[in-house]
């Protein structure tokens, strides 16, 4: 090995050591978000829209469609006992609300219609705004409290 090669290898090693020592390692932590509630919101809305479309296609009575939506909500409530589920559904002028919570029976939901939007709140807390569309409307809001954190999602 020649003298020039020795200095070249030594320079590469020194540069590698300098880069390794000079590298700053940064890390940050953030609180865990409960992304499951977001997926659950979209899943409930998708399933309910399928129920509504199927009921409309099969010429079911609106009362039977409403009964199927409540049954669907009860199924999701049983499989997710620590989640409050608020659904608002119905025709443009006649809207129904259904709140299901397996933990507390004293939970109250209020909805008011303000022109072309629905304003909903659970226990006078978190407020959700939904638009009123022509035809059948279906909106869902979920609330979950875990380890002192409150997660809310709506669709």
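The values are calculated or read from the model by the stated rules, or taken from the named source; none is laboratory data. None of these values were measured; they are calculated from a predicted model. Quick reminder, even Gly has a Cβ in these numbers, built from the backbone with ideal geometry, and neighbours come from all protein chains shown.
Suppose we keep only residues that are at pLDDT 75 or above and surrounded by fewer than 15 Cβ atoms within 10 Å (Cβ to Cβ) within the stretch 71-116. Which one would you say is nearest to the chain's Cα centre (by Cα)?
Here the answer is 82.
Would you check which residues across the stretch 35-61 are surrounded by 15 or more Cβ atoms within 10 Å (Cβ to Cβ), touching a residue at least 24 places away in the same chain (Cβ under 8 Å) and over 30 Å from residue 150 (Cα atoms) and list them?
Residue satisfying the conditions is 52 alone.
Run down 26, 32 and say which single residue is modelled with pLDDT under 85, surrounded by fewer than 10 Cβ atoms within 10 Å (Cβ to Cβ), within 19 Å of residue 83 (Cβ to Cβ) and out of contact with any strand residue (DSSP E or B) (no Cβ under 6 Å at 6 or more places or on another chain).
32
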